[in-house]
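Colleague: Could you have a look at this structure, given as structure tokens, before my questions?
The values are calculated or read from the model by the stated rules, or taken from the named source; none is laboratory data. Here the structure is a predicted model, which is why all the values come from computation and not from measurement. Virtual Cβ from ideal backbone geometry, glycine too; neighbours counted across all protein chains shown.
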Amino acid sequence: MTMLKVGILGAGGIASAMAKTISQMTSACNFAVASRDLNKAREFAAKWGVKKAYGSYEEMLADPGVDLVYIATPHSHHYSHARLCLEHGKHVLCEKAFTVNAAQARELFRIAEEKRLLLTEAMWTRFVPMRGTINEVLRSGIVGKPWLLTANLGYMISHVERLKEPSLAGGALLDVGVYPLNFAAMVFGNDPVSIKGTAVLTDKGVDSQDSITLQYADGRMAVLNATMQGMSDRRGVIDCDNGMLEIVNINCPEELRVYNRDRILIASYRAPKCISGYEYEVEACIRALDAGGVECPLMPHAETVRMMEWMDDLRAQFGVKYPDEIEKL
């Protein structure tokens, strides 16, 4: 593929971040944007150099020039919007959280596989190069066997309207907690024997802060915290029996520090210079499309489903219930 023509579905903040990134890529271009508000779409297109602006999603999806659609709408709408894209024969890169629940994710992947269309979750933590660096250091054995992983992520975003509302699949878990969960799965795997969580709920019934513990059969544990009520240092630590790893910014790792058993820094690795980090998702889609795949190997369908299953389980433990309208297929 010489140039991936991307259609952006939605014209909010994350859509702008992706459009800004794509505008600096040589392998992809901002071909179209769609919003329910045509004026908003036109303003977005003018700002980011998008070729076409549409006042409805259906119009953009009918455009044969669009190769892949990037879905940048609230979590609550991901299932219906991704399904609409697939039904129009479009490849899809969908923002996290991928859907509201695991059943929706399974159904979307079934459709994508049936139609032989690429569908992947835009979980950038899975795509950034530092993921490979962390894995390589652990495989080297220099710090021994990993036993305990801790990770936290927090932002002052409780004022954001979509995060307050159950009808928009609000709360910290699907927006923030999804990152430490993916980080833990990348390091320890997706087969814990138990997942336990507690949360503080808002007066509207969504989770504002979460504490999660994963326990694995061999005794490894991951202790994760997420909040939308305060800033955190965004760090991850992997305690091993011959040293430890410290990761700066777990959702998009910027630096990896390696310490020996005397807590002396013995190596450090910095992430390579990039546009924003979002380009790695787009480049992975290009590689998958060139290979004729329906999933990106760095974020396979099974992993997205497993993350959604974990979050379904945790929401049940928290007592967070979304309206049936956004939970249904």
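Colleague: Using beta carbons and a limit of 8 Å, which pairs, at least six apart or on different chains, have the first residue in segment 13-27 and assigned by TED's automatic domain parsing to the domain that holds PRO74 and in a helix (DSSP H, G or I) and the second one surrounded by fewer than 17 Cβ atoms within 10 Å (Cβ to Cβ) and among the aliphatic types (A, V, I, L, M)?
Modeller: Once the first residue is assigned by TED's automatic domain parsing to the domain that holds PRO74 and in a helix (DSSP H, G or I) and sits in segment 13-27, its partners that are surrounded by fewer than 17 Cβ atoms within 10 Å (Cβ to Cβ) and among the aliphatic types (A, V, I, L, M) give THR21/ILE275.
Colleague: Oh, and also: Taking interchain pairs and intrachain pairs at least six residues apart, which have beta carbon atoms under 7 angstrom, with the first residue in segment 133-157 and surrounded by 15 or more Cβ atoms within 10 Å (Cβ to Cβ) and the second of a type in the set (Ser, Thr, Tyr)?
Modeller: Hits for this filter: THR133/TYR269; ASN152/SER232; LEU153/TYR179; LEU153/SER232; GLY154/THR227; GLY154/SER232.
Colleague: Residues to consider are TYR322, TYR280; find the one that is surrounded by 19 or more Cβ atoms within 10 Å (Cβ to Cβ), outside any helix (DSSP H, G or I) and not acidic (Asp, Glu).
Modeller: TYR322 is the lone residue from the list that is surrounded by 19 or more Cβ atoms within 10 Å (Cβ to Cβ), outside any helix (DSSP H, G or I) and not acidic (Asp, Glu).
Colleague: Right, something else. Would you mind telling me which numbered condition in (1) aliphatic (A, V, I, L, M); (2) surrounded by 20 or more Cβ atoms within 10 Å (Cβ to Cβ); (3) more than 28 Å from ALA17 (Cα to Cα) LEU265 fails?
Modeller: For LEU265, the exception is condition (2).
Colleague: Residue check: is CYS274 buried (at least 17 other Cβ atoms within 10 Å of the Cβ) and not aromatic (Phe, Trp, Tyr)?
Modeller: Criteria not met by CYS274.
Colleague: Say whether the condition of being under 20 Å from VAL178 (Cα atoms) and assigned by TED's automatic domain parsing to the domain that holds ALA184 is met by at least one residue in segment 254-269.
Modeller: Within segment 254-269, one or more residues are under 20 Å from VAL178 (Cα atoms) and assigned by TED's automatic domain parsing to the domain that holds ALA184.
Colleague: Right, something else. If you go through segment 187-203, how many residues are outside any loop (DSSP other than H, G, I, E, B) and touching a Lys or Arg at 6+ places or on another chain (Cβ under 6 Å)?
Modeller: Qualifying residue count, segment 187-203: 1.
Colleague: Also, I was wondering about something else. What pairs come up if the first residue lies in segment 108-128 and is in the same structural domain as VAL66 (by TED's automatic domain parsing) and in a helix (DSSP H, G or I), the second is modelled with pLDDT of 95 or more and β-branched (Val, Ile, Thr), and their beta carbons are under 6 Å apart, counting only those six or more places apart or on different chains?
Modeller: What qualifies is ALA112/VAL294; GLU113/VAL294.
Conditions tested, residue by residue: (1) in a loop (DSSP other than H, G, I, E, B); (2) basic (Lys, Arg); (3) in contact with a Phe, Trp or Tyr (Cβ under 8 Å, 6 or more places away or on another chain).
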| residue | (1), (2), (3) |
| --- | --- |
| THR213 | no, no, no |
| VAL223 | no, no, no |
| ARG234 | yes, yes, no |
| ASP239 | no, no, yes |
| ILE250 | yes, no, yes |
| ARG263 | yes, yes, no |
| ILE266 | no, no, yes |
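Colleague: Any residue that is in contact with a helix residue (DSSP H, G or I) (Cβ under 6 Å, 6 or more places away or on another chain) and farther than 23 Å from ALA122 by Cα - is there at least one of those in segment 244-257?
Modeller: No: zero hits.
Colleague: A follow-up question, please. Can you find a residue in segment 316-329 that is within 22 Å of GLU95 (Cβ to Cβ), outside the structural domain of SER167 (by TED's automatic domain parsing) and small (Gly, Ala, Ser)?
Modeller: No, that holds for no residue.
Colleague: May I ask you to list the residues in segment 47-71 that are exposed (fewer than 15 other Cβ atoms within 10 Å of the Cβ) and closer than 10 Å to PHE31 by Cβ?
Modeller: Answer for segment 47-71, where residues must be exposed (fewer than 15 other Cβ atoms within 10 Å of the Cβ) and closer than 10 Å to PHE31 by Cβ: LYS51, GLY65.
Colleague: Then there is this: For a quick check of your reading: which strands (runs of 3 or more DSSP E) sit entirely within segment 39-103 and have at least 2 residues that are more than 21 Å from GLU279 (Cα to Cα)?
Modeller: In segment 39-103, 52-54 are the strands (runs of 3 or more DSSP E) which contain 2 or more residues that are more than 21 Å from GLU279 (Cα to Cα).
Colleague: Let me ask something else. If you check THR99 against the conditions, is it over 19 Å from LEU117 (Cα atoms) and either surrounded by 16 or more Cβ atoms within 10 Å (Cβ to Cβ) or out of contact with any strand residue (DSSP E or B) (no Cβ under 7 Å at 6 or more places or on another chain) (or both)?
Modeller: no
Colleague: Looking at GLY205, GLY177 in this structure, which one is over 17 Å from the mean Cα position of the chain (by Cα), at pLDDT 95 or above and not assigned by TED's automatic domain parsing to the domain that holds HIS78?
Modeller: Step by step, each of GLY205, GLY177 is checked, and only GLY205 is over 17 Å from the mean Cα position of the chain (by Cα), at pLDDT 95 or above and not assigned by TED's automatic domain parsing to the domain that holds HIS78.
Colleague: Which one is modelled with the highest pLDDT, of the residues in segment 149-166 that are over 18 Å from TYR179 (Cα atoms) and outside any helix (DSSP H, G or I)?
Modeller: GLU165
Colleague: I'd like to verify a number: residues in segment 283-305 that are surrounded by fewer than 17 Cβ atoms within 10 Å (Cβ to Cβ) and small (Gly, Ala, Ser), how many?
Modeller: Number satisfying all stated conditions: 4.
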